[in-house]
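Written out below as structure tokens is the structure these notes cover.
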Amino acid sequence: MRFECQPGCTKCCEQQGFVYVTEDDIVRIAEYLQLTAEAFEQRYVYRTKNLRRLRVPRHAQCEFLAEGGCSIHAVKPTQCRTFPFWPELVETWRAWHETGAWCPGIGKGELVNIELIQSTAEVMRAAHPNLY
């Protein structure tokens with residue numbers, strides 16, 4: 001599989017869906033924004049019994065998507081860091097190909113080592129076991 005993020009691209013951030021966050025994501029992002037984890041969660045996180053996700057604002061798909069890209073790129077959530085090597089996207093050629101229809105980085109760049117792809121997918125699976 002080939003993948004290379006394309007400069008200035010935010011297509012993955014513009015897709016419909018939720019950004020799920022881990023407790024570690026919450027702490028890391030809160031610290032970056034100079035908030036307590038509790039204040040960050042109260043303002044930006046929707047929590048269910050088993051999952052935590054970023055709230056979806058009315059004006060955009062993600063609160064942190066700015067004109068120049070991700071405003072929290074340095075500390076972005078695990079889900080964002082592992083894209084496009086999510087289990088559901090790398091397990092079949094069809095899913096990878098369908099994602100490539102809107103993601104301009106798929107099919108670009110050097111071949112990515114399969115062990116790296118599998119370990120990255122496993123990071124996502126471990127971070128969000130209730131999704132898998």
Identify, please: which residue in segment 83-104 is crowded, with 19+ Cβ neighbours inside 10 Å and not aromatic (Phe, Trp, Tyr) and is, among those, nearest to Met1 (Cα to Cα)? Val90
Inside segment 118-132, can you point out the residues that are at pLDDT 95 or above, of a type in the set (A, V, I, L, M, F, W, C) and surrounded by fewer than 19 Cβ atoms within 10 Å (Cβ to Cβ)? Val123, Ala126
Scanning for something farther than 21 Å from Ile106 by Cα, touching a Lys or Arg at 6+ places or on another chain (Cβ under 8 Å) and of a type in the set (A, V, I, L, M, F, W, C), does segment 67-75 turn up at least one residue? yes
Which pairs turn up if I take residues in segment 102-124 that are touching a residue at least 24 places away in the same chain (Cβ under 8 Å) and closer than 16 Å to Thr78 by Cβ and look for partners that are among the acidic types (Asp, Glu) and part of a loop (DSSP other than H, G, I, E, B) with beta carbon separation below 9 Å, at least 6 apart in sequence or on another chain? Ala121/Glu91
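Just need a number here: residues in segment 34-86 that are in contact with a Ser or Thr (Cβ under 7 Å, 6 or more places away or on another chain) and of a type in the set (Phe, Trp, Tyr).
Of the residues in that region, 2 qualify.
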If Pro77 meets every condition in (1) within 19 Å of Cys9 (Cβ to Cβ); (2) in contact with a helix residue (DSSP H, G or I) (Cβ under 8 Å, 6 or more places away or on another chain); (3) without any contact (Cβ under 8 Å) to a residue 40 or more places away in the chain; (4) not hydrophobic (A, V, I, L, M, F, W, C) apart from one, which number is that one? (3)
Selection from segment 17-42 of residues within 19 Å of His73 (Cβ to Cβ) and assigned to a helix (DSSP H, G or I) yields Asp24, Asp25, Ile26, Val27, Arg28, Ile29, Ala30, Glu31, Tyr32, Phe40
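The values are calculated or read from the model by the stated rules, or taken from the named source; none is laboratory data. None of these values were measured; they are calculated from a predicted model. Every residue, glycine as well, gets a Cβ built from its backbone with ideal geometry; the counts of neighbours run over all protein chains shown.
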